[in-house]
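Take a look at the structure below.
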Amino acid sequence: MGMTMTQKILAAHAGLPAVAAGQLIQAQLDMVLGNDITTPVAINEFKKAGFTEVFNKDKIAIVLDHFVPNKDIKAAEQSKQCREFACSHCVSHFYDVGKMGIEHALLPEQGVVTAGDCIIGADSHTCTYGALGAFSTGVGSTDMAAGMATGTAWFKVPSAIRFDLKGTLPANCSGKDVILTIIGMIGVDGALYKSMEFTGEGVASLSMDDRLCICNMAIEAGAKNGIFPVDEKTKAYMAGRCQREPRIFQADPDAEYEKTITVDLSAMVPTVACPHLPENAKPASALGHIPIDQVVIGSCTNGRMEDMEAAYKVLRGHEIAPGVRCIIIPATMQIYRECVERGYVTAFIDAGAVVSTPTCGPCLGGYMGILAAGEKCIATTNRNFVGRMGHVSSEVYLASPLTAAASALTGYITAPKEV
């Protein structure tokens, strides 16, 4: 029996001719990732286990992004611990204030991850890098500590679900609408510990930003990872960017999938995941009049350049509705700078929005946009659990940047027009 794309990558990194779903393997790692919240825990475990050296200073990335610039003393102490560890071990890929960005936007942008890699990260949305044709998955801080020391990790080889994409997206839809629709179809445990493998002629019509967004939220369906084939768009994105030579793996024609789900991209509509689960997806046009207090456009899911451009196209020349707070967070310093150079930041400010330095901030209820009791927010983030962005009685609605920006102008959840 043939292997899926994920299984081929894992076999190569385990030094095996083949692997099968359910098999336990030990794989060599190309990158171990942590952030300012998860890395301090990993450092403590690293030291507790008696480790004194990292396995490869060039294969560890530490990104300060969750509470940076530091929001309080505890956050400052966590960042200090990360800085001292990175310095003492000469970690090559350490990103601090001024150079950092939201980790899952920053690492692909900087070429730190590439096709064919096997990557673990102490953050659940590490599955983002499957958009480049890599196997990447989130782990706990203890696994991060072991990975930093040994350069290996144990995995149970996942079975796979194939998503056969057809058609092209309407102009008022993006990758966010695709993944919200899929999670609405299969549920938050519909791909539990499985690989979500996206194939079909519709893949070619999706931008890299669309693919990064889709893979980012694979974990919200319970998946071990999400992954796209490497095509001409992927190669063009990686060209002159990636710091290692890409390795391209393809699924075998007789690869075994648990099932195949056909997704018609041309049938997509602007979609919103209502509280309190990402699976609670509904067409934006079917929600009626739901007033909002806050809009957040950013995060590792939707803070990339295409997301900023979408917000700009909707907001330019208009004003945010009275009583609505609109927070826009470019995901990296490079994206932030391009927004400045293109005039997007001026347009956002003129519309009445605030623009932040890159940070995860409000996504996890950290800072830069905490919700009070009863408040409602439409956000381009990835989770809308109870209390995710603040008070337990607040509500978070997940949507694309187009839908979020359109809602900012009306003051209630609004399906965007084609722009």
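Worth a mention:
- Members of the range 1-55 that are of a type in the set (Gly, Ala, Ser) and surrounded by 24 or more Cβ atoms within 10 Å (Cβ to Cβ): Gly34, Ala42
Yes/no matrix, rows are residues, columns are (1) more than 30 Å from Ala379 (Cα to Cα); (2) not hydroxyl-bearing (Ser, Thr, Tyr):
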| residue | (1), (2) |
| --- | --- |
| Lys166 | no, yes |
| Ile182 | no, yes |
| Gly190 | no, yes |
| Met208 | no, yes |
| Ile214 | no, yes |
| Ile227 | no, yes |
| Asp254 | yes, yes |
| Thr262 | no, no |
| Met268 | no, yes |
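- Summed over the range 357-378, residues that are open to solvent by less than 10 Å² (accessible area, probe 1.4 Å) and closer than 18 Å to Glu306 by Cα total 2.
- Beta carbons closer than 6 Å, at least 6 apart along the sequence or on distinct chains, pair a first residue in the range 81-92 that is closer than 15 Å to Asn35 by Cα with a second that is among the aromatic types (Phe, Trp, Tyr) for Ala86/Phe94.
- Test for Gly133: is it of a type in the set (Gly, Ala, Ser), open to solvent by less than 30 Å² (accessible area, probe 1.4 Å) and touching a Pro at 6+ places or on another chain (Cβ under 8 Å): yes
- If you filter the range 71-109 down to residues that are open to solvent by 10 Å² or more (accessible area, probe 1.4 Å), within 18 Å of Glu338 (Cβ to Cβ) and at pLDDT below 95, you find that the one that is nearest to the chain's Cα centre (by Cα) is Lys99.
- Tabulated pairs, the range 126-146, first free of Cβ contacts under 8 Å to residues at least 12 places away in the same chain and closer than 14 Å to Ala61 by Cα, second among the charged types (D, E, K, R) and open to solvent by 10 Å² or more (accessible area, probe 1.4 Å), C-beta under 9 angstrom, 6+ apart or interchain: none
- Members of the range 318-351 found to be within 27 Å of Pro108 (Cβ to Cβ), under 24 Å from the mean Cα position of the chain (by Cα) and open to solvent by 70 Å² or more (accessible area, probe 1.4 Å), listed by number: Gln334, Arg337, Val340
- Selection from the range 291-307 of residues that are surrounded by fewer than 17 Cβ atoms within 10 Å (Cβ to Cβ) and aliphatic (A, V, I, L, M): none
- Listed here are the strands (runs of 3 or more DSSP E) enclosed by the range 136-235 that have at least 2 residues being closer than 22 Å to His104 by Cα: 152-156, 194-199, 225-227.
- Condition met for Asp164 (out of contact with any Cys (no Cβ under 7 Å at 6 or more places or on another chain), at pLDDT below 95 and surrounded by fewer than 24 Cβ atoms within 10 Å (Cβ to Cβ)): no
- First in the range 247-264 and open to solvent by less than 70 Å² (accessible area, probe 1.4 Å), second anywhere and among the hydroxyl-bearing types (Ser, Thr, Tyr) and at pLDDT 95 or above, Cβ under 6 Å, 6 or more apart: Ala251/Thr4; Ala255/Thr4
- So Gly116, is it touching an Asp or Glu at 6+ places or on another chain (Cβ under 9 Å) and surrounded by fewer than 24 Cβ atoms within 10 Å (Cβ to Cβ): yes
- Selection status of Ala406, surrounded by 16 or more Cβ atoms within 10 Å (Cβ to Cβ), in contact with a Ser or Thr (Cβ under 6 Å, 6 or more places away or on another chain) and assigned to a helix (DSSP H, G or I): yes
A quick yes/no check of all residues on (1) of a type in the set (Asp, Glu); (2) more than 21 Å from the chain's Cα centre (by Cα); (3) modelled with pLDDT under 95:
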residue	(1), (2), (3)
Cys242	no, no, yes
Thr262	no, yes, no
Val272	no, no, no
Ala281	no, no, no
His289	no, yes, yes
Val295	no, no, no
Gly303	no, no, no
Asp307	yes, no, no
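- Of all the listed residues (Ile290, Ile248, Ile219), the sole one being over 20 Å from Ala134 (Cα atoms) and not small (Gly, Ala, Ser) is Ile290.
- Some residue of the range 186-193 being free of Cβ contacts under 8 Å to residues at least 40 places away in the same chain and open to solvent by less than 10 Å² (accessible area, probe 1.4 Å): yes
The values are calculated or read from the model by the stated rules, or taken from the named source; none is laboratory data. Note that this is a predicted model, so its numbers are computed, not measured. A quick note on method: Cβ atoms are made from the backbone with ideal geometry, for glycine too, and the neighbour counts reach across all protein chains shown. We work out accessible area using only protein heavy atoms, side chains counted, and drop any ligands, DNA or RNA first. Shrake-Rupley method; radii C 1.70, N 1.55, O 1.52, S 1.80 Å.
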